[in-house]
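Encoded as structure tokens, the structure appears first; notes follow it.
The values are calculated or read from the model by the stated rules, or taken from the named source; none is laboratory data. Model, not experiment: these values are computed from the prediction. Every residue, glycine as well, gets a Cβ built from its backbone with ideal geometry; the counts of neighbours run over all protein chains shown. Keep in mind that these areas ignore ligands, DNA and RNA; they rest on the heavy atoms of the full protein, side chains included. Shrake-Rupley method; radii C 1.70, N 1.55, O 1.52, S 1.80 Å.
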Amino acid sequence: MVSMPPALTLPDGRRLRLDAMPLLMGVVNVTPDSFSDGGQFGNAGEAVAHGDRLVSEGADIIDIGGESTRPGHVVIDVATELARVLPVITGLRERSAIPISIDSWKAEVADAALAAGASIVNDVWGCQRDPAIAGVAARKGAPIIVMHNRDTIDPALDIFDDVLRFLERSIAIATTAGVARDQIVVDPGIGFGKTPRQNLMLIRDLDRLKQLGCPILLGASRKSTIGHITGQTVAAERLAGSISAHLYGVSRGAAIIRAHDVRPHLDALKVWAAIADSAEVSP
């Protein structure tokens, strides 16, 4: 089995340990059309306040995105995206030292976000829609999360083969640009160009991604696959299913969990860790 890096090194030299309890990445969407909370944090003040809440609830990372990635979303220009995310990054940075990731596939957005105080690049197209983003991460010394994505859904696809080949290309792009392999995190992209069955298969066998030699991020929070199973049509009401999917993923090797609801996830992870380490718990 390929060994996983024990930590990610941020541009300021701080290290995020990956060999203890999984890290929690709290989600702040500064978009009018996000699938789960579109428009709820549409201005910088509301988004910063939400980020503060997630920090107080125990988030290890705050992920800030200015462009929706829901099916059928409208691609926005760089100027619009920067106008949404930069005030939130600077506002949160003034109030907290928490690591911030910029959720964008655009190199120009990532570059400006890192300059404003972000520490991690989270690319939902795995360096394959704008490969220059890998060079931005390399120059800034920032870890990069590369996610599998597809424009179309193919129920007949061997989803694991597709995910592995895609992520291998993403890793090659990033390392060629100068990103150290131990600074790359892989994400199977739950809900992106996949059927519900394919999403469940990816979570069930998540440990197969360990062969890539990179830490694994899992983001199933509030996804439609959860609603497909539970019947919950409102994304914000899919908390129990989200926690269940994430705990299963943790048992299969997920090192980072991306979640909208931080406090309940933290409680669940604490109980999961206590059970796993029950031999160390006093009577």
Checklist entry - What are the aspartates and glutamates whose alpha-carbon lies under 19 Å from the alpha-carbon of residue 194, with same-chain residues fewer than 8 places away excluded? => result 123, 151, 154, 158, 161, 162, 168, 205, 207
Item to check | Charged-residue dipole, Cβ positions (Lys, Arg, Asp, Glu), the range 91-194 about Cα centre, Debye nearest 20 | outcome: 340 debye
Checklist outcome for this item: The Kirkwood hydrodynamic radius of the range 59-138, taken as the inverse of the mean 1/r over all distinct Cα pairs, in Å, comes to 12.6 Å
Checklist entry - What figure in square angstrom, to the nearest 10, would you give for the accessible area of residue 4 with a 1.4 Å probe? => result 70 Å²
Next on the checklist: Computing the accessible area with a 1.4 Å probe over protein heavy atoms, can you report the carbon and sulfur percentage for the range 80-192?
Outcome noted: 51 percent
Next on the checklist: Which residue, 156, 167, 138, has the largest displacement toward the positive end of the dipole of the range 62-195 when charges sit on each Cβ (Lys, Arg +1; Asp, Glu -1)?
Outcome noted: 138
Next on the checklist: From the protein chains alone at 1.4 Å, what is the descending order of accessible area for 124, 78, largest first?
Outcome noted: 78, 124
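Can you compute the helix-only [θ] at 222 nm over the chain? Use -39500 (n - 2.57) per DSSP H run of at least 4 residues, normalise by all residues, nearest 500 deg cm²/dmol.
Details: 9 runs with 112 residues, N = 283.
That calculation yields -12500 deg cm²/dmol at 222 nm.
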Item to check | Lys, Arg +1 and Asp, Glu -1 on Cβ, resulting dipole of the chain about Cα centre, debye, nearest 20 | outcome: 300 debye
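What's the extension gain from residue 175 to residue 75 if we count 0.36 nm per residue and subtract their Cα-Cα distance? Let's see the in-between values first.
Values: separation 100, 0.36 × 100 = 36.00 nm, distance 2.73 nm.
Taking 0.36 nm per residue and subtracting the Cα distance, the gain is 33.3 nm.
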Checklist outcome for this item: With every protein chain kept in place and a 1.4 Å probe, the range 111-156 has an accessible area per residue in Å² of 35 Å²
Checklist entry - Once you sort the root eigenvalues of the Cα gyration tensor of the range 121-178 as a ≥ b ≥ c, which label holds: rounded (a/c under 1.5), prolate (a/b larger than b/c) or oblate (the other case)? => result prolate
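Where nothing but the Cβ of Lys and Arg (+1) and of Asp and Glu (-1) is charged, how large is the charge dipole of the range 132-252 around its Cα centre, in debye to the nearest 20? Each step should come with its number before you reach the end.
Details: 15 positive and 11 negative charges, 48 e Å.
The calculated dipole for the range 132-252 is roughly 240 debye.
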Item to check | Cα gyration tensor category, rounded, prolate or oblate, for the range 212-270 with a/c compared to 1.5 | outcome: prolate
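In whole angstrom, how long is each semi-axis of the equivalent ellipsoid of the range 99-232, when you take the square root of 5 times every eigenvalue of its Cα gyration tensor and sort them from largest down? Please list the in-between numbers first.
Numbers: eigenvalues 137, 51, 31 Å².
Taking √(5λ) for each eigenvalue gives 26, 16, 13 Å, largest first.
How big is the shadow of the Cα convex hull of the chain, averaged over all directions, in nm²? List each step's numbers first, then the result.
On the way: hull surface 57.5 nm².
Result: a mean projected hull area of 14.4 nm².
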Checklist outcome for this item: Under the Karplus relation with 6.51, -1.76 and 1.60 and θ = phi - 60°, whole-Hz ³J(HN,Hα) for the range 88-96, x at Gly and Pro, equal 6, 4, 5, x, 6, 5, 5, 9, 7
Next on the checklist: Quick check: Cα centre of the range 50-104 to Cα centre of the range 231-250, how many Å?
Outcome noted: 22 Å
Next on the checklist: Once each part is reduced to its C-alpha centroid, what is the distance from the range 115-192 to the range 209-225 in angstrom?
Outcome noted: 12 Å
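Please compute the per residue accessible area over the range 167-214 with all protein chains in place, 1.4 Å probe, rounded to a whole number of Å².
The answer is 38 Å² per residue.
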Checklist outcome for this item: For the pair residue 94 and residue 3, the simple spin-label estimate (label points 7 Å beyond Cα toward Cβ) gives in nm 4.4 nm
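Could you tell me the relative contact order of the chain? Use alpha-carbon pairs under 8 Å, at least six residues apart, and round to a whole percent. List each step's numbers first, then the result.
Details: 562 pairs, mean separation 54.1, N = 283.
Once normalised by length, the contact order is 19 percent.
Using only the C-alpha atoms of the range 190-231, find the volume of their convex hull and express it per residue in Å³.
Considering the Cα atoms of the range 190-231, their hull volume per residue is 70 Å³.
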Next on the checklist: Over all directions, the average projected area of the alpha-carbon convex hull for the range 163-257 comes to how many nm²?
Outcome noted: 6.0 nm²
Checklist outcome for this item: Reported to the nearest 10 Å², residue 168 has, with a 1.4 Å probe, an accessible area equal to 80 Å²
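If a/c stays under 1.5 just call it rounded; otherwise compare a/b with b/c (prolate if a/b is bigger, oblate if not). Do that for the range 52-96, with a ≥ b ≥ c from the square roots of the Cα gyration tensor eigenvalues. Mind dumping the intermediate values first?
Numbers: a/c = 4.30, a/b = 1.64, b/c = 2.61.
Cα axes put the range 52-96 in the oblate bin.
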